[in-house]
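The structure appears right after this line, and notes come after that.
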Amino acid sequence: MSAAPLMSARRVSLIGALLVAVGPVSMALYTPAMPAVGTVFDSPEAVVKLSLTLYFGGFACAQLIAGPLSDALGRRPVTIAFMAIYCLASLGAFLAPSIEVLVLSRFVQGIGASVGVAISRALVRDLFTGEESSRIMNLIGIILALGPALAPTIGGLTLAVAGWRAIFALMVLIGFAVIAVTLLAMRETVTPDRSRLKLGALFRSYAMLLGNGHFLTASLVMAGALGALYAQATFLPFILMSEVGLTPTQFGLGMLMQSGAFFVGSLVVRALMPRIGATPLVPIGLGFIAAGSLGSATLLLWAPSFLHVMVPVSTYAFGIAFVMPAMSTAALAPFARNAGAAAAMLGFLQMGAGLLIGSIGALFGDTVVAMGLLIPLMGATACIAYLLHRARPSLPTPEPGAAPARRLGQSALNDARTVHSPPK
């Protein structure tokens, strides 16, 4: 008889959603204030964009440290330590006397926020596998959609009422809230093993992951899909406010279309998964992603308007909700022993893709052209990676020394094979 997991699926979903939302919420709260920050510090647009780009850089790269640290030291202490860094950096941004200090604070803030993505997925992988894991990933997505959906609106209203510095005061409170939840509600799900802190072992873990075709193709699907959301975050504030002419408050309200589409998509997926499973929904989602990509490509032909920009963006976001549960589970399924490292690399590839495309877009003289070219490229990457993933449907041999999740009564590998077998 299988033992009950340390935390219920609902608790893991709620804690995971809170952790994974910190990064996107911190980004979405700030984006309405970017033009105002440029005005206050008399800084060019490129420098203001750097405050977002470096946030992404810290957010993407620090996951590669946070994930393995949590494997070696435990999920709880690493979460608390990184969120303390996030709180201090948010305070630094609140007090920033110059654009240089603000940019540096945003970089450090991204480092602190990075723990959320790695730990949330690792928690799920520690305790659940197969369809149960996909259902939890879906529920995390539903809850996650609410934060970024409301954050631009809250950021725009806060900017109008109390100024841009108050936005960073909100982030300090968010950081303290996450620390409190970690202390009071999160259970430790791994046995700390300090011997795994060796640098050579870390490099070997990442080399193993990047050399694993199953992991790499599943991760590239996620990178092309979710990475587009992060790349668009560097394009949309300037397109909708500078080109279309929205105010910061209108921009915040307008972004509800994107998050709302993801939220609705997640609800549809939750209703369909018990009937047909998570994996058959992925091609449907990629169809919406392809449609959204084509819509964004039309920005190269016609001048942007609010609907011209946001209908394709929303269509793309709707498709992501269909892709995320199955492909997140697929990427992590074989890696029970190194769940933190696998979750960190998965997150790094997603955020890194967004950072890379956002940085390339910043080199374009025209942000509209950048979005019209680069977002369709990300959609194509997701579709091609999925075709490669389906060309090798069998899971590879698990990592050396991996122990299946016996406390759940069935091995993680067998569960994952069940979930990801081709539909009949």
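The values are calculated or read from the model by the stated rules, or taken from the named source; none is laboratory data. Bear in mind the structure is a predicted one, so any value in this text is a computation, not a measurement. Reconstructed Cβ throughout: ideal geometry from the backbone, glycine too, with neighbour counts over all protein chains shown.
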In region 320-370, the residues that are buried (at least 24 other Cβ atoms within 10 Å of the Cβ) and β-branched (Val, Ile, Thr)
ILE320, VAL323, THR329, ILE357
From the list VAL269, VAL309, VAL264, which residue is surrounded by fewer than 17 Cβ atoms within 10 Å (Cβ to Cβ), in contact (Cβ under 8 Å) with a residue 12 or more places away in the chain and either out of contact with any Leu (no Cβ under 9 Å at 6 or more places or on another chain) or closer than 20 Å to GLY227 by Cβ (or both)?
VAL264
Could you identify the single residue in ALA233, ALA169, ALA223, ALA228 that is part of a helix (DSSP H, G or I), more than 30 Å from ASP366 (Cβ to Cβ) and either touching a residue at least 40 places away in the same chain (Cβ under 8 Å) or in contact with a Pro (Cβ under 9 Å, 6 or more places away or on another chain) (or both)?
ALA169
Kindly evaluate VAL20 against the criterion of being assigned to a helix (DSSP H, G or I), touching a Gly at 6+ places or on another chain (Cβ under 8 Å) and of a type outside the set (Phe, Trp, Tyr).
yes
Of the conditions (1) under 21 Å from the mean Cα position of the chain (by Cα); (2) crowded, with 17+ Cβ neighbours inside 10 Å; (3) closer than 16 Å to ALA344 by Cβ; (4) in contact (Cβ under 8 Å) with a residue 60 or more places away in the chain, SER205 clears all except one; give me its number.
(1)
When PRO97 is run through (1) farther than 26 Å from GLY365 by Cα; (2) in a helix (DSSP H, G or I); (3) of a type outside the set (A, V, I, L, M, F, W, C), the failure sits at (2)
Taking ALA89, is it buried (at least 24 other Cβ atoms within 10 Å of the Cβ) and modelled with pLDDT of 95 or more?
yes
Failed item in (1) under 25 Å from VAL368 (Cβ atoms); (2) in contact with a Leu (Cβ under 7 Å, 6 or more places away or on another chain); (3) among the β-branched types (Val, Ile, Thr); (4) buried (at least 22 other Cβ atoms within 10 Å of the Cβ), with ILE289 passing the rest
(2)
Which of the residues spanning region 342-365 are touching a helix residue (DSSP H, G or I) at 6+ places or on another chain (Cβ under 9 Å) and either over 22 Å from ILE111 (Cα atoms) or not in a helix (DSSP H, G or I) (or both)?
GLY361, LEU363, PHE364
Right, SER359: farther than 15 Å from LEU123 by Cβ and polar (S, T, N, Q) or not?
yes
Restricting region 326-350 to residues that are touching a Gly at 6+ places or on another chain (Cβ under 7 Å) and of a type outside the set (Gly, Ala, Ser), which is nearest to THR234 (Cα to Cα)?
GLN350
Could you say which residue among ARG121, ARG76, ARG135 is assigned to a helix (DSSP H, G or I), buried (at least 24 other Cβ atoms within 10 Å of the Cβ) and among the basic types (Lys, Arg)?
ARG121
